[in-house]
1. Rounded if a/c is under 1.5, else prolate if a/b beats b/c, else oblate: with a ≥ b ≥ c from the C-alpha gyration tensor eigenvalues square-rooted, which is the range 142-266?
2. Can you give the extra length, in nm with one decimal, that the chain gains between ARG249 and SER112 once fully stretched, where that is 0.36 nm per residue apart less the Cα-Cα distance?
3. Run the dipole for the chain about the Cα centre, Lys and Arg Cβ at +1, Asp and Glu Cβ at -1, nothing else charged, and hand back the magnitude in debye, nearest 20.
4. Using only Cα atoms, tell me the angle between helix 95-110 and the longest principal axis of the chain; keep it within 0 to 90° and round to the nearest 10.
5. Go ahead and run the numbers for FRET between ASP166 and ASP134, Cβ-Cβ distance against an R0 of 51 Å, rounding to 0.05.
6. Rounded to whole Å and ordered largest first, report the semi-axes of the equivalent ellipsoid of the range 5-99 derived from its Cα gyration tensor (root of 5λ).
7. Where nothing but the Cβ of Lys and Arg (+1) and of Asp and Glu (-1) is charged, how large is the charge dipole of the range 130-266 around its Cα centre, in debye to the nearest 20?
8. Taking Cα atoms of the range 3-50, Rg/Rh with Kirkwood Rh, to two decimals?
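All of the numbers you see were taken from the coordinates with simple rules; none came from a lab. If you're wondering where the values come from, they're calculated on a predicted model, not measured in any experiment. Note that each Cβ is placed from the backbone with ideal geometry, even for glycine, and that neighbours are counted across all protein chains shown.
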Amino acid sequence: MAVRRVAVVGANGKTGRAVTSALHAREVAVTAIGRAELASLPSALEGADALYLIAPNMHEDEPAFVRRILAVARTEGVRRVAYHSVAAPYAPAMPHHVGKAEAENAVRTGSSDWTILQPCAYVQNFVPALRPDDSALRVAYSPRKPFGLVDLADVAEAAATVLLSDTHIGATYELGGPDLVDVHDVARAAGQVLGREVPVSRISVEAWRENDGSNLDSRVRDWLAAMFDYYDEHGLPVGSLPLTVLLGREPTPLEATLRRELRPAR
Ligand SMILES: NC(=O)c1ccc[n+]([C@@H]2O[C@H](COP(=O)([O-])OP(=O)(O)OC[C@H]3O[C@@H](n4cnc5c(N)ncnc54)[C@H](OP(=O)(O)O)[C@@H]3O)[C@@H](O)[C@H]2O)c1
């Protein structure tokens, strides 16, 4: 079936904006569904050929959020669904990953024509810390652990690809960047782009709780602390082959992503 209009749940967030612009680049219309439109979901889904489902970051009950939207999609006859999950969803030490594992099951059992994308953490997550003139990277986990950090623009391009072809129905793709990298690699690549050294420091999770994490809701703080503990032990290594195939090229290298993202605003 030709997909001409995609309803994007979570369209106003970082991921949703990237997916929307990848769809627009392919001349696909987007119905943006943000928090406000969720209240009138049936009418928001009207006329959509497909649904791209992005749950809010660290949602307290992602499986329920996803199930509720899938139920409306079924009623409205939107069969084609792609769900934005995460790499390694079944990681019992990280509650927000487990929420996505359960939500994946809801997608596989509660929609007919589904695809699931499992991206690693985005390179873009580091960008706010890198913007100031005296930027430094301070993390609450080992800066030596490997990650398949991925360019969000590549993830968005992959999302548009899977939505526009039926060949991806029933597929689950893990999406990692071209290399396994650590936080020192991010700092080195940023240093190349910025023309100065970017220092890296590591703080304890307890220090993070008392400083950067202190204004967060206590559940979100606990879930992020659990994520840092997991990263500290395992990182989040993810392979690059599925993304290479979906893009028809190598995923964007770390330094190229940072060069684009750190370009001075005109
Ligand atoms: N960041 C990463 O590295 C990464 C990697 C893999 C997967 N993911 C996943 O990608 C998803 C999106 O992440 P993101 O960083 O793009 O999100 P984000 O920028 O925080 O945006 C999420 C959107 O969710 C909406 N929202 C927030 N709380 C809500 C609530 N209680 N009910 C309904 N809507 C709510 C907001 O919409 P309004 O603006 O309309 O209020 C917001 O724009 C998350 O599920 C995350 O786990 C992220």
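1. Numbers: a/c = 2.00, a/b = 1.37, b/c = 1.46.
Oblate, since a/c reaches 1.5 and b/c is not below a/b.
2. Difference between extended and current length: 46.4 nm.
3. Details: 28 positive and 33 negative charges, 116 e Å.
The calculated dipole for the chain is roughly 560 debye.
4. 20 degrees
5. Details: r = 50 Å, r/R0 = 0.99.
The computed FRET efficiency comes out at 0.50.
6. Numbers: eigenvalues 100, 49, 27 Å².
In descending order the semi-axes read 22, 16, 12 Å.
7. Details: 15 positive and 22 negative charges, 81 e Å.
So the magnitude is around 380 debye.
8. On the way: Rg = 10.1 Å, Rh = 10.6 Å.
With Rh from the inverse mean 1/r over Cα pairs, Rg/Rh is 0.95.
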